[in-house]
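One structure below.
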Amino acid sequence: MYMTAKAATFEQAEEQSWIPLPEGICPLCSQVFALELLHKPIASENTKSRDRTVQVIQVYHPHWLEEHGACTRCWESYREAGWTRGLIKINRR
């Protein structure tokens, strides 16, 4: 039996042997993920870190918006780039 990701979480799907169908593509790396997973890393981030990460992403992807989402791997990669950028700015002062 196949269910969409909106109908069941991955944990529920695993418990009940359902295979959730992917519904979204990460706009940054083009990998396929469940739509809910493309927004989870952004929603769980604190405001300052999220804003800094969004700025870094938009340098490389000018038309990207938070609503487009990002997979965890991409989000963490750009977040680390934002941290590095912040450290460089601090050290230049």
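No lab work stands behind these numbers, since they all come straight from the coordinates. Not measured: the values here are computed from a predicted model. Note that we place each Cβ from the backbone using ideal geometry, even for glycine, and neighbour counts take in every protein chain shown.
Things to note:
- Burial ordering of R50, R73, fewest other beta-carbon atoms within 10 Å first: R73, R50
- At an R0 of 22 angstrom, the distance between the Cβ atoms of N46 and I25 translates into a FRET efficiency of 0.25.
- Here the residues Y78, Y60, ranked from fewest to most Cβ neighbours within 10 Å of their Cβ, fall in the order Y60, Y78.
- Extension gain, E80-H61: 0.36 nm per intervening residue step, less the Cα-Cα distance, totals 5.2 nm.
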